[in-house]
1. What pairs come out if I take residues in the range 142-166 that are farther than 23 Å from residue 114 by Cα and pair them with residues that are part of a loop (DSSP other than H, G, I, E, B) whose C-beta lies under 7 Å away, six or more apart or interchain?
2. Does any residue of the range 161-179 turn out to be modelled with pLDDT of 95 or more, over 30 Å from residue 104 (Cα atoms) and part of a strand (DSSP E or B)?
3. So how many residues does the range 120-132 have that are crowded, with 16+ Cβ neighbours inside 10 Å and either more than 16 Å from residue 60 (Cβ to Cβ) or modelled with pLDDT of 85 or more (or both)?
4. State all residues of the range 62-115 that are without any contact (Cβ under 8 Å) to a residue 12 or more places away in the chain and assigned to a strand (DSSP E or B); if no residue qualifies, say none.
5. Please pick out the residue among 204, 195, 147 that is assigned to a loop (DSSP other than H, G, I, E, B) and touching a strand residue (DSSP E or B) at 6+ places or on another chain (Cβ under 9 Å).
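The values are calculated or read from the model by the stated rules, or taken from the named source; none is laboratory data. Note that the coordinates shown come from a computational prediction; the quantities given were computed from them, not determined experimentally. Note that we place each Cβ from the backbone using ideal geometry, even for glycine, and neighbour counts take in every protein chain shown.
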């Protein structure tokens, strides 16, 4: 009886062995239980290297592109020559072997004189607004908006690119007021036409508000407010209506006024002034 039972057990074992040969065990699809090296994923938005240098207040975006192409910038120790090289924010960026850190945010108001170019550099060697802050120990600052060479008055500069974009973006409609001297005496029909707008080179140019400040023998001064700013907006608008601009002075941006700031001088904005322009 015992012998018969032993033979039965041996037969079952033989069958199991045959089954295992016919149907080998399948490989598990589960991942192995040990750490796997992964590429670090960006924790925020990705921007090009030159733009990141600008956003950190190190230089302008065009200067950043130049620095990268010249081989002066390293990312995590690696030399990078592509200005659009993607940066997620956690990388160590070095310019001329010095680690770059975000500069403290600085906001200034300047009374730009006539004849000064609003540019970091000028191919024709003309004076730029940067000559007015040279040696002041400020980080790199970018102009907030435009003011052409022949124009003067209030100009904002900052290394806070988000704040600056909020002021210059047409969607925000931050108003800017100018005192404009023209040859001749605009009548009520001209003022109405400025409000209605004219088309010049495919662009609609108009004023948000306009009034005559005073009239002289040959010229008149106008108070003109814009809530958008195209290139040479006021000059083109008045030229289309037959008036030559002799002087153009920006006197306010939002609630911030030029005040008693002398030509060629600048000052820091207060925290309240910065906040007021940010809220608009």
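1. 159/57; 159/103; 159/105; 159/106; 159/139; 159/140; 159/141; 160/105
2. Yes: one or more hits.
3. 4
4. Hits for the range 62-115 are 78, 79, 98, 99.
5. On inspection, the qualifying residue turns out to be 147.
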